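These notes are about the structure you will find just below.
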Amino acid sequence: MGKQPKPGLRWGALIGALLALALTALLYLAAQIIGTPFAPFDMFDWASRVLPGDIIRFGIRTIVTLITTFQLGETSSAAKIAEQVLAVIGLLVTGAVAGGVGFNLFQMARPSRWRLLGLLVGLAVGAPVMFISAAVNLVATTSTLFSRFWILATFGGWGVALAWAYERLTAPEVAIVPSMPPAPPIPEDHVLVMDRRRFLVTLGGATAVVTVVGAGLGALIASGKPAAAVSASTGETVPTTPLTTAQAWSETNALPNADDPLLPVPGTRPELTPLTNHYRIDINLLPPSIRESEWRLQWQGLVDTPLEMTLAQIRAYPAVDEFVTLACISNGVGGDLIGTQRWTGVSLQTLLKDVPLKADATYLKISSADSFDEYVSLDLIRKDERIMLAYAWDGLPLEVKHGFPLRIYIPNHYGMKQPKWISTIEAVAAWDEGYWVRRGWDEAALMRATSVIDTVAIDNLTGEGDQKRVPVGGIAHAGDRGISKVEVRVDEGEWVEADLRRPMSQTTWVLWRYEWPFEAGDHLFEVRCVDGNGTPQIERVADVAPSGATGIHRVQVTL
Ligand SMILES: Nc1nc2c(c(=O)[nH]1)N[C@H]1C(S)=C(S)[C@@H](COP(=O)(O)O)O[C@H]1N2
Ligand SMILES: [Mo]
């Protein structure tokens with residue numbers, strides 16, 4: 001027993017954060033079981049929309065740098081996880097701030113008011129969260145009303161728990177010690193307290209239990225659920241990851257360049273990126289889940305009459321297939337935000353024959369379910385029949401995270417120009433800035449030429465004795481310009497031309513190989529390429545922002 005100042009800001013912050021951790025676990029568990037919104041992700045997605053582009057670019061670059069420096073795995077999935085962790089930290093910080101404020105209020109108020117005050121603090125945080133979640137959440141399956149109620153109720157509960165903790169921290173412990181003289185009077189602003197440390201340990205323990213149970217159970221449920229279970233309420237299936245009922249095109253077909261005798265060096269990445277390995281980049285922590293029965297492609301703006309198309313109608317048009325290398329403008333030199341797949345869809349030229357555009361339409365503004373948007377010029381569409389609205393990758397309906405039900409393909413442009421989850425196409429009279437352009441990225445976002453060393457295959461030496469050679473291999477890509485030459489040099493010697501494998505299409509990467517006369521020791525391997533128009537790749541080092549990375553890929557190898 002002792003006397004201490006009333007618990008204030010620091011205590012409030014600590015308890016507020018602890019309780020926010022338990023709240024996070026509860027929200028997560030409920031999101032998995034009943035499909036309520038997971039508020040921390042909604043807050044993060046909202047923040048990523050409203051924060052200035054500079055901050056977002058800085059954040060993305062920092063995350064990507066950390067992932068590559070510490071080799072935390074495939075960049076896009078590691079980045080999503082990092083962002084999800086940040087989102088949860090955001091809620092903990094919010095809990096700390098609100099807890100500090102709450103304790104200060106309790107200090108000033110009568111004990112009979114504490115719980116009401118706590119409730120009000122909780123609701124004051126919960127109300128904006130409720131509105132933000134209602135505006136940005138795309139995955140909750142509970143009704144809007146219930147989702148709103150749920151957020152208010154849980155945040156209110158957090159506030160009442162905060163007040164309860166304050167009561168416990170300030171409650172005098174009854175200690176009767178008969179032989180002692182009466183204690184001296186306690187100053188006004190001091191109270192007798194139970195052992196605060198003990199209370200903190202108890203509360204911390206309880207929080208840990210709730211968190212571990214909630215998060216563990218939630219994760220268990222999430223892992224047992226197919227990726228598209230959210231649509232189960234309609235009894236209709238949207239694709240799971242990947243479809244188990246249909247067969248991938250690549251399982252039963254040879255790649256179009258299968259007869260090329262020039263084989264990739266062992267250790268070169270797969271020429272067709274397996275669906276499970278394809279990078280994923282988008283602005284939400286959870287991809288929007290769309291029900292095919294409710295989805296329509298809406299044509300609006302400068303059209304004679306607004307039109308709607310179902311997915312079945314779009315699929316009924318003659319299908320086109322294209323082997324496509326897609327890269328993110330945030331892909332660093334030698335990075336993994338690049339992949340190649342077989343896309344299937346309908347050429348926009350074909351589709352536009354059935355869309356009566358007004359004469360003054362010059363661009364299509366393409367908007368997505370996640371509020372992403374980009375502009376594509378009608379001139380470009382009229383010139384390039386490969387521009388397509390795609391609904392399948394590798395012969396399977398697009399996975400949810402890759403844009404189900406519909407995405408656009410525009411050759412030679414980075415992914416940021418190519419919306420997934422398309423919902424509306426609006427014909428407009430003038431160009432405007434799309435989602436990432438408004439945040440400071442390149443307006444044109446044309447793919448830079450790039451070449452990468454995937455492997456120096458020390459375990460696959462060819463030749464004997466003095467003729468021993470080390471096969472070196474990798475990729476080169478320059479949008480739809482193709483690749484005319486790849487050169488390798490070792491230890492800053494002469495550039496020597498590598499052999500090129502015929503690419504799967506004009507728009508995919510090119511696999512190359514080069515056999516270097518073996519020399520033991522430490523060596524620096526470098527690669528550069530020339531695009532199909534004869535333009536060499538830019539060797540000067542440039543950061544990914546704002547126009548895509550340039551520079552030479554090099555690897556240091558000990559042979
Ligand atoms: N609706 C929507 N479309 C989008 C994005 C997005 O955030 N939302 N991201 C774009 C970016 S930046 C890239 S690199 C590609 C990535 O496509 P993938 O995730 O299928 O690889 O999608 C593009 N299309
Ligand atoms: Mo991107």
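The values are calculated or read from the model by the stated rules, or taken from the named source; none is laboratory data. What you are looking at is a predicted structure, and each value in this text was computed from that prediction instead of being measured. Neighbour counts are summed over all protein chains in view; Cβ atoms, including those assigned to glycine, are modelled from backbone coordinates with ideal geometry.
Some observations on this one:
- Residue 322 in the same structural domain as residue 421 (by TED's automatic domain parsing), within 11 Å of ligand 1 (Cβ to nearest atom), of a type in the set (D, E, K, R) and touching a residue at least 12 places away in the same chain (Cβ under 8 Å): no
- Checked against (1) at pLDDT 55 or above; (2) over 18 Å from residue 31 (Cα atoms); (3) hydrophobic (A, V, I, L, M, F, W, C), residue 220 passes all but condition (2).
- Qualifying positions in region 79-100 - surrounded by fewer than 17 Cβ atoms within 10 Å (Cβ to Cβ) and in contact with a Leu (Cβ under 9 Å, 6 or more places away or on another chain): 81, 84
- Qualifying residue in region 347-356 (condition: more than 16 Å from ligand 2 (Cβ to nearest atom), in the same structural domain as residue 417 (by TED's automatic domain parsing) and buried (at least 22 other Cβ atoms within 10 Å of the Cβ)): yes
- Members of region 494-549 found to be among the hydrophobic types (A, V, I, L, M, F, W, C), more than 24 Å from residue 263 (Cα to Cα) and surrounded by fewer than 16 Cβ atoms within 10 Å (Cβ to Cβ), listed by number: 520, 541, 542
- Figure legend. Inter-residue proximity from region 412-434: first residues closer than 26 Å to residue 400 by Cα, second residues more than 8 Å from ligand 1 (Cβ to nearest atom) and of a type in the set (Lys, Arg), beta-carbon distance below 6 Å, spacing 6+ or different chains. Indicated pairs: 426/365.
- Region 422-442, residues that are away from ligand 2 (no atom under 14 Å from the Cβ) and part of a loop (DSSP other than H, G, I, E, B): 429, 430, 431, 432, 433, 438
- For residue 127, the requirement of being touching a residue at least 40 places away in the same chain (Cβ under 8 Å), farther than 30 Å from residue 196 by Cβ and of a type in the set (A, V, I, L, M, F, W, C) is not met.
- Among the residues making up region 274-294, those that are crowded, with 20+ Cβ neighbours inside 10 Å and either assigned to a helix (DSSP H, G or I) or away from ligand 2 (no atom under 16 Å from the Cβ) (or both) are 286, 288, 289, 290.
- Residue match in region 167-188 (condition: modelled with pLDDT of 90 or more, closer than 25 Å to residue 16 by Cβ and hydrophobic (A, V, I, L, M, F, W, C)): yes
- Qualifying residue in region 196-208 (condition: within 31 Å of the chain's Cα centre (by Cα) and either in a helix (DSSP H, G or I) or at pLDDT 85 or above (or both)): yes
The rows are residues; the columns are (1) of a type in the set (A, V, I, L, M, F, W, C); (2) within 30 Å of residue 306 (Cα to Cα); (3) away from ligand 2 (no atom under 16 Å from the Cβ).
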residue	(1), (2), (3)
414	no, yes, no
420	no, yes, no
450	no, no, no
454	no, no, yes
461	yes, no, yes
473	no, no, yes
479	no, no, no
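- Verdict on residue 326 being away from ligand 2 (no atom under 16 Å from the Cβ) and either crowded, with 20+ Cβ neighbours inside 10 Å or within 27 Å of the chain's Cα centre (by Cα) (or both): no
- Boolean, residue 448 is more than 11 Å from ligand 1 (Cβ to nearest atom), touching a residue at least 24 places away in the same chain (Cβ under 8 Å), assigned to a loop (DSSP other than H, G, I, E, B) and at negative phi: yes
- Here region 355-383 is the region considered, the condition is being more than 16 Å from ligand 1 (Cβ to nearest atom) and β-branched (Val, Ile, Thr), and the residue that is nearest to residue 425 (Cα to Cα) is 355.
- Scanning region 114-172 for residues that are in contact with a strand residue (DSSP E or B) (Cβ under 7 Å, 6 or more places away or on another chain) and either closer than 26 Å to residue 423 by Cβ or of a type outside the set (S, T, N, Q) (or both) yields a count of 2.
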